[in-house]
Amino acid sequence: MIITETSANGIVIVALEGRLDALSAPKLRGSPPVADPKTAVVLDLEKVDFMDSSGLGAIVGAAREKGDPACGIVLSCMNNKVRRTFETTNAQRLFHIFDDTSAAVDFAATRQIART
């Protein structure tokens, strides 16, 4: 799993590439912006080529640990494989999901502004 961090409009974008499974899930959970309860994160899933229940659990668990919805995790660019995993488990109802990363960043930034 390759994790790349960038930012836009004060929002951290965490792009994942590769397999999100039992081996890589702890790496995602330990990523500073994902682990920080005060940081809003857009998680770009476009290049995730495989995700199992451990990977899904890492995303859901990280979102729950954020606590404050304005500092939560917004998902973007789900490919069909990842989307199917979310839909099969009905986990998509826990997140705001966007097809475009810039739209996800705009949404997250608006939530951050509303919080202050």
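The values are calculated or read from the model by the stated rules, or taken from the named source; none is laboratory data. Here the structure is a predicted model, which means the values were calculated and not measured. Every residue, glycine among them, receives a Cβ derived from its backbone with ideal geometry; neighbour counts consider all protein chains shown. With ligands, DNA and RNA removed, areas are computed over all heavy atoms of the protein, side chains included. Shrake-Rupley method; radii C 1.70, N 1.55, O 1.52, S 1.80 Å.
One table, with the values for the structure above:
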{"read-out": "Unique residue being hydroxyl-bearing (S, T, Y), on the phi < 0 side of the Ramachandran plot and in contact with a strand residue (DSSP E or B) (Cβ under 6 Å, 6 or more places away or on another chain) when the list is T85, T110", "value": "T85"}
{"read-out": "Considering residues of segment 14-45 that are under 11 Å from the mean Cα position of the chain (by Cα) and open to solvent by 20 Å² or more (accessible area, probe 1.4 Å) only, the residue farthest from L94 (Cα to Cα)", "value": "A15"}
{"read-out": "Residue identified as of a type outside the set (V, I, T), in contact (Cβ under 8 Å) with a residue 40 or more places away in the chain and surrounded by 16 or more Cβ atoms within 10 Å (Cβ to Cβ) among A63, A104, A58", "value": "A104"}
{"read-out": "Segment 33-52, residues that are touching a Ser or Thr at 6+ places or on another chain (Cβ under 8 Å) and farther than 13 Å from V82 by Cβ", "value": "P33, V42"}
{"read-out": "Residues satisfying the stated conditions in segment 86-101, i.e. at pLDDT below 95, part of a helix (DSSP H, G or I) and open to solvent by less than 70 Å² (accessible area, probe 1.4 Å)", "value": "F86, A91, Q92"}
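Residues are listed down the side, and each one gets a yes or a no for (1) assigned to a loop (DSSP other than H, G, I, E, B); (2) at pLDDT below 95:
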{"site": "T6", "(1), (2)": "no, no"}
{"site": "I13", "(1), (2)": "no, no"}
{"site": "G18", "(1), (2)": "no, no"}
{"site": "T39", "(1), (2)": "yes, yes"}
{"site": "G61", "(1), (2)": "no, yes"}
{"site": "E65", "(1), (2)": "no, yes"}
{"site": "A70", "(1), (2)": "no, yes"}
{"site": "R84", "(1), (2)": "no, yes"}
{"site": "A103", "(1), (2)": "no, no"}
